[in-house]
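Colleague: First the structure, which I've put down as structure tokens, then a few questions once you've had a look.
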Amino acid sequence: MKKYFISLWLIAMLSIPFSIGAESSTLPVTDDCADDAVEAKEIGVPILMVFSADDCDYCERLKNDVLKPGIESNQFDRQVLIREVDINAGGKIIDFDGVKVRTGIFVDRYNIYATPTIVIVDYNGTPLASPIVGYNNEDSFRQLLSERIEYAILALDMAQVAAE
């Protein structure tokens, strides 16, 4: 009996670091785009919105293969602010202008017809680059994402210069 409890304790202790690491690498789910816009503007980066669904295997692959490792390695720091939007969440989301809107209406605005879809937007929610729809494999997606992020950063910089 004592051996059984020691084994359980040992398993529990060994699993703690893995569970802590797993939780810290989750994507931040947004319900307040106005706050996200303020945060992104403060650090001077566009917002990368990941439209996903709970039952989407490709969404999980994208998050586990590309996004979570990129977050953990700080690859996206000073490039984009990443936020996830669950298209099936229901309820309301605070829009970029601070007004609550039904999640379905918010999702429809970006013409989301498949998940995962990546949309990179400015502080008003205006897309800065063409969306990335779907996920096939890690290497081609990383390249495509890198190109879209570069383009979005350039577009955001140009818009800021034009506004001055």
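Colleague: What are the trypsin sites (Lys or Arg not before Pro) within region 72-164 that DSSP puts in a loop, where the Cβ has at most 15 other Cβ atoms within 10 Å?
Modeller: On the way: sites: 78, 83, 92, 100, 102, 109, 142, 148; in loops: 78.
When the trypsin sites (Lys or Arg not before Pro) of region 72-164 are filtered for loop state and at most 15 Cβ neighbours within 10 Å, 78 remain.
Colleague: Just name one of 79, 45, 159: the one whose Cα is farthest towards the positive end of the charge dipole of region 28-163 (beta-carbon charges, Lys/Arg +1, Asp/Glu -1).
Modeller: The one lying farthest along the dipole's positive direction is 159.
Colleague: Same structure, new question: Spelling out what I want: for every residue of region 125-141, take phi, set θ = phi - 60°, compute 6.51 cos²θ - 1.76 cosθ + 1.60 (Karplus), and round to whole Hz; glycine and proline get x.
Modeller: Karplus values, whole Hz, x for Gly and Pro: x, 7, x, 9, 8, 5, x, 10, 10, x, 8, 10, 8, 4, 5, 5, 5.
Colleague: Also: As I understand it, the dipole of region 28-163 uses +1 on the Cβ of Lys and Arg and -1 on the Cβ of Asp and Glu, about the Cα centre. Which of 130, 91, 140 lies farthest toward its positive end?
Modeller: Value: 130.
Colleague: Return P(r) of region 28-163 (all Cα-Cα pairs; 5 Å bins starting at 0; whole %; ordered from short to long distances).
Modeller: With a bin width of 5 Å, the distribution comes to 2, 11, 21, 25, 21, 14, 5, 1, 0.
Colleague: Residue by residue through region 95-102, what is 3J(HN,Hα) from phi via Karplus (6.51 cos²θ - 1.76 cosθ + 1.60, θ = phi - 60°)? Round to whole Hz and write x for glycine and proline.
Modeller: Couplings: 6, 4, 8, x, 9, 6, 9, 4 Hz.
Colleague: Using Cα positions and a limit of under 16 Å, work out the aspartates and glutamates in reach of residue 63, with same-chain residues fewer than 8 apart set aside.
Modeller: Filter leaves 23, 54, 55, 72, 84, 86, 138, 139.
FYI, it's all coordinate maths here, none of it is from the lab. Computed from a predicted model, the values in this text were never measured in an experiment. Heads up, the Cβs are rebuilt from the backbone with ideal geometry, glycines too, and the neighbour counts pull from every protein chain shown.
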